[in-house]
1. Kindly indicate which of Lys70, Lys52 is more than 16 Å from the ligand (Cβ to nearest atom) and assigned to a loop (DSSP other than H, G, I, E, B).
2. If Thr62 satisfies all but one of (1) surrounded by 13 or more Cβ atoms within 10 Å (Cβ to Cβ); (2) touching an Asp or Glu at 6+ places or on another chain (Cβ under 7 Å), what's the number of the condition it fails?
3. Looking for something among the charged types (D, E, K, R) and surrounded by fewer than 16 Cβ atoms within 10 Å (Cβ to Cβ) - is there at least one such residue anywhere in the stretch 78-86?
4. For Gln100, only one of the following conditions fails: (1) within 10 Å of the ligand (Cβ to nearest atom); (2) loosely packed, with under 10 Cβ neighbours inside 10 Å. What is its number?
5. Considering only residues that are closer than 20 Å to Val83 by Cα, free of Cβ contacts under 8 Å to residues at least 24 places away in the same chain and hydrophobic (A, V, I, L, M, F, W, C), which ones fall in the stretch 24-68?
Amino acid sequence: MVHLVSAEQLSKATERAKSGNLFVQPTSLMRQYRVTNRDTGNIYVVDFFVRKSDGARFGQCTCPGGLNNKVCKHLSAAAAYHVARMIARREANRAARMQQAA
Ligand SMILES: [Zn+2]
């Protein structure tokens, strides 16, 4: 499990993810993503966790690197997807609240 502390930590892995041919899909579980490497056909599952006591965020990937607690390109690709998804959800919620208030 990797403790996610900064965007910087993910940036190197993000570069690797861009150069690879990765495809991220949400699963039916909250905060879980399936990452497919289109070049190799490998599929890994990435999970994100938020520790309730202090809000610290963690991620885990099922690839060999991820199981060795490395920030792998799958984790990074899924994190980028997850963040974009959370922002979209927040915006949608805000739009819904504004409509209710109007
Ligand atoms: Zn991985």
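Any read-out appearing in this document is the output of simple, stated calculations on the displayed coordinates, not a laboratory observation. What you see is a predicted model, and the numbers here were worked out from it, not measured in a lab. Glycine also receives a Cβ, built like all others from the backbone with ideal geometry; neighbour counts cover every protein chain displayed.
1. Details: Lys70 fails: more than 16 Å from the ligand (Cβ to nearest atom).
Only one candidate passes the filter, namely Lys52.
2. (2)
3. yes
4. (1)
5. Leu29, Met30, Val45, Val50
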